[in-house]
Amino acid sequence: MLDDVLGNYLDTLTEREFDAPFLAILRVRGYYDIHFLHGAFEFGKDFIAKLDVSGVTYQVSFQTKGGNIGVGDWREARGQIDEMRTNNLAHPNFDASLPRRTIFVTTGRLTGAAPLSSQEYGRHLDQLGEGGFEVWDRETILGDLTRHPDLSVAGNLDEQLLRIVVEIASGTATPTMLEEYSRTWLDGPAKSMWRGALSAGVIASRCREANRLDLAAVTGLLLVRASAFRLIADGSADGDVLADVAGDLFERYAIELGDRCRGREADPDLFLGAGEIAIWTTYPIRVLRTAEVLALAALRQRYRDSGGAGGLEGQVLEIVHAQPGAAHPFSDAWAASLVPIGLVVGLSDQELFGRWATEVVRWIANRYDDSPGLAPLGATPREEVDYVAGAALEHVNVERRTTCLSATAILDLVSVFERSDLYELAVNELLAVGVFPDVVEVGDNTDQAVRDGETVTRQVNWAHDESWTPTDGWKTAAHHRRTPDPFSLCARGRMWEHLALIAVLRDRMFATTQRHVVMGAPR
């Protein structure tokens with residue numbers, strides 16, 4: 001997975017753009033007194049450095065090239081290598097009295113007759129008593145970068161990425177912060193796409209080090225969003241490669257999160273935290289985030305390896321069965337969590353799905369009956385708390401809401417599963433407390449992958465049928481009938497990536513895609 005990203009990134013770099021990562025590689029390998037010599041008077045040497053081996057200090061010279069090296073390019077490079085070997089001019093720190101090593105570096109591979117020619121050249125130098133000639137090719141460089149992914153963005157760490165790394169280390173990073181930064185991965189040349197993939201790998205590994213596997217998984221989803229944008233925009237092969245790499249990145253951390261939870265899904269202490277004053281607020285958020293990540297991973301595995309999805313699905317079912325918080329979206333920011341959870345539960349256990357959906361409806365109705373409702377998407381944590389606690393605390397004064405994304409999520413879910421009983425229950429309860437489902441629609445274009453766009457519209461009046469009398473199969477609302485069916489991304493076989501957009505953007509539910517998952521997911 002990482003090799004694919006690094007390889008594609010290397011392909012986009014010019015020789016000069018490769019200098020900063022290569023300098024970082026030399027330092028990690030133990031080279032010191034390193035000097036960069038590109039210019040009119042480099043005398044074949046792009047870098048010089050010293051290296052201590054078994055008590056002996058060597059003066060090392062490097063010649064770097066970009067891309068593949070055929071026999072013609074090799075013959076041209078050999079002239080520079082000869083000058084590098086024999087010329088003592090380089091830099092005041094070049095010590096001509098030390099034993100020497102000469103290294104030819106390329107970000108590509110030696111092709112055609114070039115490998116044999118380079119081997120023969122090395123044997124020739126051995127016979128002259130000038131051993132120490134090496135070739136570092138693409139595989140050598142990829143090996144270093146795979147062991148140390150941070151080196152790949154050396155010299156290119158933008159201010160935003162540095163700030164995020166600091167926020168992660170200090171424990172203050174948020175999904176919103178990561179999503180805002182990830183917008184820089186959406187457009188531009190291939191170089192920016194693969195650099196974004198490397199940035200995602202760095203961020204995810206730092207999140208894991210900070211014990212935030214949930215954020216590491218979210219970072220993978222943000223990269224999935226970038227791949228979906230590319231696929232919708234131009235359908236390029238690079239977009240397909242990135243989609244697979246991004247999905248693997250997400251799944252890696254989702255599985256690790258599942259491993260940490262295994263055997264404790266029914267234990268409330270797993271989600272309550274230790275010594276927190278506001279456990280009643282953090283508990284449902286932890287439950288929903290964990291179940292959402294595991295459910296998305298389980299759905300991906302259904303398509304890629306249906307036999308391997310059972311473990312993660314079982315964990316989601318156990319969480320939903322044992323943890324009330326799985327049915328209690330704390331605000332509309334958590335409406336999107338209901339979609340993958342509901343799909344996994346509905347595909348596996350319709351009885352449990354019925355109990356869970358009923359509890360979600362009850363929770364929403366209660367919030368709008370005796371409280372000001374659920375806080376809107378984009379609310380601060382303080383605002384989320386104020387909405388949930390508003391009716392009970394005299395000093396809290398928030399305006400009552402009548403719209404609800406969570407209502408849209410649950411109505412869509414029970415519709416795609418054709419649960420007329422649950423649909424009638426939900427409509428009656430929501431109408432009784434004056435809740436209007438908050439519906440976001442979008443055209444079949446790149447607006448699917450961004451929060452704002454020309455074709456993104458919002459409908460806040462009651463648009464669902466007031467009884468289960470769908471005239472077009474399962475479709476119970478105007479937006480079901482207007483929505484592309486299927487979206488082009490789904491027609492391309494990327495239904496899971498379309499679901500990932502729900503998890504990233506949090507405001508759209510793509511009901512037709514949910515229906516295709518219900519009807520087409522391997523059992």
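With no solvent and one equal point scatterer per Cα, compute the Debye intensity ratio I(q)/I(0) for the chain at 0.08, 0.12, 0.13 Å⁻¹ and report its log10, rounded to two decimals.
-0.60, -1.04, -1.18
Report, to the nearest whole %, how much of the accessible area of the chain belongs to carbon and sulfur atoms, 1.4 Å probe, protein only.
50
Using only Cα atoms and rounding to the nearest 10 degrees, what angle (0 to 90) does helix 511-520 make with the longest principal axis of the chain?
That works out to roughly 80 degrees.
Could you give the dipole magnitude of the chain about its Cα centre, charging the beta-carbon of Lys and Arg +1 and that of Asp and Glu -1, in debye to the nearest 20?
On the way: 51 positive and 75 negative charges, 139 e Å.
For the chain, the charge dipole is close to 660 debye.
Where Rh denotes the Kirkwood radius from the mean inverse Cα pair distance, what is Rg over Rh for the range 324-470?
0.97
If I histogram all Cα-Cα distances within the range 422-463 using bins 10 Å wide from 0, what percent of pairs lands in each bin?
In whole percents, the pair-distance histogram is 26, 36, 24, 14.
Using the Cα centre of the range 384-523 as origin and beta-carbon charges of +1 (Lys, Arg) and -1 (Asp, Glu), tell me which of 415, 385, 495 is placed farthest towards the positive end of the dipole.
Highest projection toward the positive end goes to 495.
Go through 35, 321 and list them by solvent-accessible area, largest first, probe radius 1.4 Å.
Sorted descending by solvent-accessible area, the residues read 321, 35.
Could you work out the helix-only [θ] at 222 nm for the chain, with each DSSP H run of four or more residues adding -39,500 (n - 2.57) and the total divided by the number of residues, to the nearest 500 deg cm²/dmol? Could you put the intermediate results ahead of the total?
Details: 22 runs with 289 residues, N = 523.
The helix-only estimate for the chain comes to -17500 deg cm²/dmol at 222 nm.
At 25 °C and 0.890 mPa s, what whole-number value in µm²/s does Stokes-Einstein give for the translational diffusion of the range 170-313, with Rh from the Kirkwood sum over Cα pairs?
152
Projected area of the range 431-523, taken from the Cα convex hull and averaged over every viewing direction, in nm²?
Hull-based average projected area comes out at 6.9 nm².
Taking the Cα atoms only, what angle lies between the long axis of helix 335-348 and the longest principal axis of the chain, rounded to 10 degrees?
80
In degrees from 0 to 90, rounded to the nearest 10, what is the angle of the helix 405-416 Cα long axis to the longest principal axis of the chain?
With rounding to tens, the tilt is 80 degrees.
Which value, in Å², gives the accessible area per residue of the chain when a 1.4 Å probe is used on the protein heavy atoms?
Numbers: 21160 Å² over 523 residues.
So the chain comes to 40 Å² accessible per residue, rounded to a whole number.
For residue 172 and residue 159 in one chain, what is 0.36 nm times their gap in residues minus the Cα-Cα distance, to one decimal in nm?
3.0 nm
Probe radius 1.4 Å, ligands and nucleic acids left out: which of 495, 84 has the largest accessible area, and how do the rest follow?
Heavy-atom accessible area, descending, gives 495, 84.
About the Cα centre of the range 356-505, how large is the charge dipole given +1 on each Lys and Arg Cβ and -1 on each Asp and Glu Cβ? Please answer in debye to the nearest 20.
260
Based on Cβ point charges of +1 for Lys and Arg and -1 for Asp and Glu, what charge dipole magnitude is obtained for the range 1-149 about its Cα centre, in debye rounded to the nearest 20?
Details: 15 positive and 22 negative charges, 46 e Å.
The dipole of the range 1-149 has a size of about 220 debye.
Among DSSP bridges having both ends in the chain, what percentage is antiparallel? Round to the nearest 5.
50
If you count the DSSP beta bridges with both ends in the range 1-149, what percent of them are antiparallel, to the nearest 5?
Values: 10 of 22 bridges.
Approximately 45 percent, going by the DSSP bridge assignments.
Accessible area of residue 351, 1.4 Å probe, to the nearest 10 Å²?
Here the residue's solvent-accessible area equals roughly 130 Å².
The values are calculated or read from the model by the stated rules, or taken from the named source; none is laboratory data. Keep in mind that what you see is a predicted model, and the values were worked out from it rather than measured. Glycine also receives a Cβ, built like all others from the backbone with ideal geometry; neighbour counts cover every protein chain displayed. For the accessible areas, the whole protein counts, side chains as well, though only heavy atoms, and no ligand, DNA or RNA atoms are used. Shrake-Rupley method; radii C 1.70, N 1.55, O 1.52, S 1.80 Å.
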